[in-house]
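Structure record follows, encoded as structure tokens.
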Amino acid sequence: MPANRAPFRPARRTLLRALGGAAALGGLAGCGVPAAYVQPGDRAADDRSARDRRLVFANWPLYIDTDDRNKSLRPTLDAFEQRTGIDVRYTEEINDNDEFFGKISPSLMNHQETGRDLVVISDWMCARFVRLGWVQEMDRARQPNVAKYLDPLLRSPGFDPGRACTVPWQSGITGIAYNKKRLGREIRQVSELWADDLKGRVTLLSGLDEAFALLMQGDGVDITRWRADDFHRMCDRIEKLVDRHHIRRFTGNDYIKDLAGGDVLACQAYSGDVIQLKTDDPDIEFVVPEEGAELWAESLVIPNLARHKANAERLVDHYYRPEVAAELAAWVNYVCPVPAARDILGSSKDKERAALAEDPLIFPDDGMRGRLVIARDITSKERTEFAKRWNSIVGL
């Protein structure tokens, strides 16, 4: 394992664990103008950036590069502080999207400061924040690197056209992982998960937002414009597979242990996890099915009333410098949202770092990119109904 590679990280695309969480979101973003909606003119506060050179940045654990000899040092973040003179208070306080939503939503819905200038949340949760008017548009005049280097595949999700309010921190793919040696064959399509030789040896992700897109793609659905009928048809299929005991169970990130231990031969999985699994077992493969796979991101947002907005925008742009993006990609091993970072890594004299530039799970090749799609998110009107259906299948 390369010295700069992180150990297994906690799941960041965490499920809404119960219908109560989904209902809470739905209640806030109901029909028409949401009760908690904040008008554009009420989102900004007096920006103290010029006279108060600092900012508060909230992220997930183990989601930034650290120095191998001193874990309190974060080289890419330290470089920003040294270059700009802006002090960054970095906190690892986000362990679950829904939990974090509950932590800061009272402030946002009551037009109060959150005490944070920049946060990282999954795009399906970003969609809620954007819809509620809880995040501010970023000033691209302060972000020339974002404008120049952001991956075209990630530039315009349906919930935030043009990425006005969100900028990907890291990206990833939800696809299929399997043990090629133990299974004795390749998997190229989602439908191959339902073959008889995999009965009881398959797991799917338990989170609605994590699971639904790939499963619908397996039914030939265009997930950029899927409909309720597509969702329910997919659920009908999964219910039958559960009744036949074909699906072993539904998991969070614990599919890692099942696949590594051999209890499971194939599973729905995240690309970043499989990079690490392959380090210990090269027989484990990750596949973007022929029907396609979901490309997702966890993104940087600036909450309403943030007091250091300009400083936060500069930090976002710092991470879109190709050399900085390369350092971060080498450590976290997710899909890098800055394709230009590939050449930086490829020119490294360190063979292991240079090899990362050729890893399609960090820098997808053209063939893979053609099969990656950002799914239309689940709307507030749909969420309660769909979560109830999905959770009844999963057993939540």
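The values are calculated or read from the model by the stated rules, or taken from the named source; none is laboratory data. What you are looking at is a predicted structure, and each value in this text was computed from that prediction instead of being measured. When we count neighbours, we look across all protein chains shown, and the Cβ atoms used for this are built from the backbone with ideal geometry, even at glycine. To get the accessible areas, we keep the full protein, side chains included, count just its heavy atoms, and leave off ligands, DNA and RNA. Shrake-Rupley method; radii C 1.70, N 1.55, O 1.52, S 1.80 Å.
Cα centroids of the stretch 44-81 and the stretch 186-205: 42 Å apart.
Using a Förster distance of 30 angstrom, determine the FRET efficiency expected from the C-beta separation of ASP254 and GLU113, and round it to 0.05. Using R0 = 30 Å, I get an efficiency of 0.20.
Ligands, DNA and RNA left out, the 1.4 Å accessible surface of the chain is 48% carbon and sulfur atoms. Taking only the Cα atoms of the stretch 145-286, the ratio Rg/Rh comes out at 1.01, with Rh defined as the Kirkwood radius.
Charge tally around LYS71: other residues with Cβ under 12 Å, Lys/Arg +1 each, Asp/Glu -1 each, net -2. Per residue, the accessible area of the chain comes to 40 Å² when a 1.4 Å probe rolls over the protein heavy atoms. Equivalent-ellipsoid semi-axes for the stretch 244-346 (Cα gyration tensor, √(5λ), whole Å, largest first): 34, 19, 12.
Note on the chain: helix-only mean residue ellipticity at 222 nm, from DSSP H runs of 4+ residues weighted -39500 (n - 2.57) and normalised by residue number, equals -11000 deg cm²/dmol.
Rounded if a/c is under 1.5, else prolate if a/b beats b/c, else oblate: with a ≥ b ≥ c from the C-alpha gyration tensor eigenvalues square-rooted, which is the stretch 285-390? Because a/c hits 1.5 or more and a/b fails to exceed b/c, the stretch 285-390 counts as oblate. Dividing the mean sequence gap of close Cα pairs (under 8 Å, 6+ apart) by how many residues the chain holds gives a relative contact order of 28 percent.
Between ARG369 and ASP236, residue separation times 0.36 nm minus the direct Cα-Cα distance comes to 44.9 nm. Taking the DSSP beta bridges with both ends in the chain, the antiparallel portion is around 60 percent.
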